[in-house]
Amino acid sequence: MSYPSVKTIMKLECDKEDAIKIRKAMMQESLDVDDRLEKINEILHECGVESAGECDCKDGPPLLYVNRGDTYNTTVCYFNGHFKIIDWGTIVERNPSLFKN
């Protein structure tokens, strides 16, 4: 799996040291995705981890993200098996069939 670069992670308006910690948390494959996002949430001091889209009991929700208070704030998302640095609103707009509500 590929991960966002430290430079890309710094788009979250964090310093390089925190960006490195965030990247290491993403890469900690011994933890499930929820736990990795919770670690990232703690580093960023944000509002928790949220999900969007209808939950498939086999694969879970299509989108998990660190809640940064606004739909269009850049954040850490887990979508389609990859970590992304993007606002979660854009993912929903680009994939409307996955997000019916």
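Some notes on this structure:
- Restricting the range 1-19 to residues that are touching a helix residue (DSSP H, G or I) at 6+ places or on another chain (Cβ under 6 Å) and either free of Cβ contacts under 8 Å to residues at least 60 places away in the same chain or assigned to a helix (DSSP H, G or I) (or both), the residue that is farthest from residue 81 (Cα to Cα): 18
- Meets criteria (surrounded by 15 or more Cβ atoms within 10 Å (Cβ to Cβ), in contact (Cβ under 8 Å) with a residue 24 or more places away in the chain and in contact with an Asp or Glu (Cβ under 9 Å, 6 or more places away or on another chain)) for residue 37: no
- Being modelled with pLDDT of 95 or more, surrounded by fewer than 20 Cβ atoms within 10 Å (Cβ to Cβ) and among the aromatic types (Phe, Trp, Tyr) is a property that does not hold for residue 65.
- Within the range 80-101, restricting attention to residues that are part of a strand (DSSP E or B) and either out of contact with any Phe, Trp or Tyr (no Cβ under 8 Å at 6 or more places or on another chain) or of a type in the set (Val, Ile, Thr) (or both), the residue that is modelled with the lowest pLDDT is 82.
- Residue in the range 51-61 that is of a type in the set (A, V, I, L, M), surrounded by 13 or more Cβ atoms within 10 Å (Cβ to Cβ) and either in a helix (DSSP H, G or I) or under 11 Å from the mean Cα position of the chain (by Cα) (or both) present: no
- Selection within the range 22-47 - over 16 Å from residue 65 (Cβ atoms) and in a helix (DSSP H, G or I): 23, 24
The values are calculated or read from the model by the stated rules, or taken from the named source; none is laboratory data. This is a predicted model, so every value here is computed, not measured. Glycine also receives a Cβ, built like all others from the backbone with ideal geometry; neighbour counts cover every protein chain displayed.
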